[in-house]
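Enquirer: Structure below; questions to follow.
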Amino acid sequence: MSGKMIKSLIWVPLVLILAFAVIGTSVAQEESDPSVPIKNLQFQSADIKSVLTFLADYGGVNVVIAPDVAGTVTIKLRDVKWRAAMDIIGRTYELAVVDEEDGYIRVLPADAYRKEITEIEKHKKETMELAALETKIVKISNSTSDDVVAAVKSLMTERGVASSDSRSNSIIIQEVPGNMQNLLDYIAELDKPARQIKISARLLELFTTDAEELGINWSASGTYTTESGLAYPQEVNVNALRNSDNAVQYKVTALQHGWTADAVVEAIVQNDKGRIIAHPEITTIDNKEAKIQMGQKIPVKQFDEAGNVVIKFEEVGTILLVTPHLTSADQILMELAPERSTYQFDPNGVIINTSNAKTNVIVNNGQTAVIGGLTTEDEVETEIGVPILKDIPLIGNLFKYTNKRIESRDLIIFVTPTIVDSDLAMGG
């Protein structure tokens, strides 16, 4: 054997030893724990399939590498987890590293993967266009079918059709089978029982007979004691102030700890500052308006386009519109729209005097909001005279006189929202 061939045979094992040494020493680790980052990951012009296989072995997973994945890898990473290293190689060398449902990892060129996804979506679309429509009738229990069907239509395919049957409160759905379950799950989520709120209102009328007394400014003080025994001074104010031109200062406040609507109303009544005119309660669901009304409907003559006289009934009295909104912290945002109106006859018809406002207030569950400033003024006539003599025809006027005074009435409304527990709402 020639000396030249002997030298070649010696160099072949040396090259193999060096190649394995590069790979072997490129990973500095004490144990192959997939959850432990690799301290030192270094490859110089290493075969990309060998590197990916090594990372899969380290992670204890199966890997399938497409035949057209080829080339070499040069990387130097420290403290990196095996899966992150595989993703870095994929992004750097235009490879798609895909986790399949069967639990293995598939590696293929990114262009091929994008083409594959496009073909799959195209096939799904063609299948949906050819598939027979499935029909379902869904009964709505906690809402109205008209409200739910509009939301359902936004999630349907182009072939899907949804309609509402108000008589049975149901939704009729025709949809491709692949999308039907998504719609059913969505409807079930929308049809969950809405939380209910009980609105308790106390209407308190404060009155003054002195025309120069401008409004009411009533306050009281007390003490709130916590569960730990700490005591805090508290004060509640109810203001319904007017200035000289009878304009109303509208105010909404919330009663603090230690004061309830019952305590405040009782204190006002006991001090002869007012009287309770109503205590209505109504229950509504979240985000739905509740209406509390006290008063009457009066006939008002109007003319139609043909000039004919028509009678329209106008609501006069006290109206309170409350729309509660529950927050994530179980606080209650109330949209309040109080209105108070009176009427008087006029030679030209009926004059309706109205005082109203609209505001928002946030209270805790069971806390009371106070609305003040809804004021009306009435002219009151009182006949005063000598008994018997004042009733004698003709000369009776000599023994009597009429006293006219302006009586101001300030309406204070206490609104207390309370969240109704689901068990109570269901009668359990």
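Enquirer: Here is a list of conditions, (1) free of Cβ contacts under 8 Å to residues at least 60 places away in the same chain; (2) surrounded by 14 or more Cβ atoms within 10 Å (Cβ to Cβ); (3) closer than 26 Å to Ile277 by Cα, and Phe313 meets all of them except one; can you say which number that is?
Expert: Unmet condition: (2).
Enquirer: Sort through Val176, Val152 and tell me the only one that's aliphatic (A, V, I, L, M), under 25 Å from the mean Cα position of the chain (by Cα) and surrounded by 15 or more Cβ atoms within 10 Å (Cβ to Cβ).
Expert: Checking each option against the conditions leaves just Val152.
Enquirer: Same structure, new question: When both residues are 6+ apart or on different chains and their Cβ atoms are under 6 Å apart, which pairs have a first residue that lies in segment 113-142 and is farther than 27 Å from Leu190 by Cβ and in contact (Cβ under 8 Å) with a residue 40 or more places away in the chain, and a second that is open to solvent by 80 Å² or more (accessible area, probe 1.4 Å) and not aromatic (Phe, Trp, Tyr)?
Expert: Every condition considered, no pair remains.
Enquirer: Just need a number here: residues in segment 109-132 that are outside any helix (DSSP H, G or I) and either open to solvent by 70 Å² or more (accessible area, probe 1.4 Å) or basic (Lys, Arg) (or both).
Expert: So the answer is 1.
Enquirer: For residues that are within 23 Å of Val36 (Cβ to Cβ) and not in a helix (DSSP H, G or I), scanning just segment 81-106, find the one that is least open to solvent (accessible area, probe 1.4 Å).
Expert: Once the filter is applied, the top-ranked residue is Ile105.
Enquirer: Any chance segment 322-334 includes a residue that's over 20 Å from the mean Cα position of the chain (by Cα) and surrounded by 14 or more Cβ atoms within 10 Å (Cβ to Cβ)?
Expert: no
The values are calculated or read from the model by the stated rules, or taken from the named source; none is laboratory data. Predicted model, so just to flag it, every value in this text is computed and none were measured. Every residue, glycine as well, gets a Cβ built from its backbone with ideal geometry; the counts of neighbours run over all protein chains shown. For the accessible areas, the whole protein counts, side chains as well, though only heavy atoms, and no ligand, DNA or RNA atoms are used. Shrake-Rupley method; radii C 1.70, N 1.55, O 1.52, S 1.80 Å.
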